[in-house]
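The values are calculated or read from the model by the stated rules, or taken from the named source; none is laboratory data. Being a predicted model, the structure only gives us computed values, none of them experimental. Cβ coordinates were reconstructed from backbone atoms using ideal geometry, including for glycine residues, and neighbour counts include every protein chain displayed.
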């Protein structure tokens, strides 16, 4: 009888594996169907979803989280089945038009403005391309210049080359590029995971993370390039030139990555004056070259960077920002800066100076940036910290990574 019960238990666990993984694939197929059902390749924002579409989206997110939690605790996973399902999900993500954001189109517009029209994307608004702007509708960011660094402008060259006469083709070319960098990022992630002597299960937690899949593969957000270069920095830490260039590239994709720049001042876990001077000299020269190339004055560049201190809540904010928004306009930004700098210096001292733990520094510094000063918290921001949380040993970081995943998904819905 005992052996029969044990056999039935094994059959149940085996069936649960297959059911959960098959359900995972089905849920992503639902997201693709939801996207195509709207009959618009440059889709409306979430606030324009119907009640039924929001309900479907909410349930899909909930079940994706449940299945992802299953991967954390499953005793036995069918690796062959996982490989088949992740390939199918990646294929679904590739054919799916971006269904929650139009950011991907803005990347293509910035590249077209520079490469096709020969205009300065940092001084000219994206809306000057009237034909393409008309396809997107009345979007406020069309009246803004290109907001990303020159490295990302260079990244956009290939999608522009493929689809220079067709915005939709350019968008899909960018999705292919984002998928390639997702795979390359996983390749480096796996090497670091092996070096950290973590369980192979962590690889699947990276590949099946719903925040990474939805925001990178389905929507093609540029955060994957940031993840790639920061992972490359960690992988090449023993090679100062390669690691320094990788970190510098991350900064000039998204300027927010500058909070990780202190990592360049260390060698073998120790702060070095030589690296401090060389790294800062290199970043200073790179910044001056960028300002010369972009035509921006130092004053306008700094004011653009300090946009986050406005005491407003755009789109959907973290609970911290919502509380600070209740303060008087002049007091809120000051408190915001004090809180962030206090948290940032504490994190730097704790995870760099006391004991060099770069993964923890990246995770907590990124989380502090997103939750304290950033008044426009978009769900794909968490793509940056999730891979590094997965690479840190300890139950606390497993829980924190899962909570960041859950927060990111339901932040889409304005629920948290």
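For region 1-36, the set of residues classified as under 38 Å from the mean Cα position of the chain (by Cα), at pLDDT below 75 and either crowded, with 16+ Cβ neighbours inside 10 Å or outside any helix (DSSP H, G or I) (or both) consists of 17 only.
To keep it simple, each residue is scored yes or no on (1) surrounded by 15 or more Cβ atoms within 10 Å (Cβ to Cβ); (2) farther than 19 Å from residue 360 by Cα; (3) in contact (Cβ under 8 Å) with a residue 24 or more places away in the chain.
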site: 250; (1), (2), (3): yes, no, yes
site: 263; (1), (2), (3): yes, no, yes
site: 283; (1), (2), (3): yes, yes, yes
site: 302; (1), (2), (3): no, yes, no
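The residues on offer are 259, 253, 349, and the sole one that is outside any helix (DSSP H, G or I) and modelled with pLDDT of 90 or more is 253. In region 265-280, the qualifying residues are those that are touching a strand residue (DSSP E or B) at 6+ places or on another chain (Cβ under 8 Å) and within 16 Å of residue 348 (Cα to Cα), and the one that is surrounded by the fewest Cβ atoms within 10 Å (Cβ to Cβ) is 272. Working only within region 353-372, note down all residues that are touching a strand residue (DSSP E or B) at 6+ places or on another chain (Cβ under 9 Å) and closer than 19 Å to residue 192 by Cα. Hits for region 353-372 are 356, 358. With respect to the conditions (1) in contact with a helix residue (DSSP H, G or I) (Cβ under 7 Å, 6 or more places away or on another chain); (2) at pLDDT below 90; (3) farther than 20 Å from residue 252 by Cα; (4) crowded, with 19+ Cβ neighbours inside 10 Å, residue 210 lacks only one, and its number is (2). Exactly one residue out of 180, 188 is in a helix (DSSP H, G or I) and surrounded by fewer than 20 Cβ atoms within 10 Å (Cβ to Cβ), and it is 180.
Over 14 Å from the mean Cα position of the chain (by Cα), surrounded by fewer than 21 Cβ atoms within 10 Å (Cβ to Cβ) and either at pLDDT below 95 or at positive phi (or both): does that describe residue 359? Against the criterion (over 14 Å from the mean Cα position of the chain (by Cα), surrounded by fewer than 21 Cβ atoms within 10 Å (Cβ to Cβ) and either at pLDDT below 95 or at positive phi (or both)), residue 359 does not qualify. Restricting attention to region 137-171 and to residues that are touching a residue at least 60 places away in the same chain (Cβ under 8 Å) and in a helix (DSSP H, G or I), the residue that is nearest to residue 92 (Cα to Cα) turns out to be 171.
Does residue 152 count as under 22 Å from residue 247 (Cβ atoms) and either modelled with pLDDT under 70 or crowded, with 17+ Cβ neighbours inside 10 Å (or both)? Yes: the conditions hold for residue 152. When 205, 179, 226, 168 are checked against the criterion of being more than 25 Å from residue 399 (Cβ to Cβ) and at pLDDT 90 or above, a single residue qualifies: 179.
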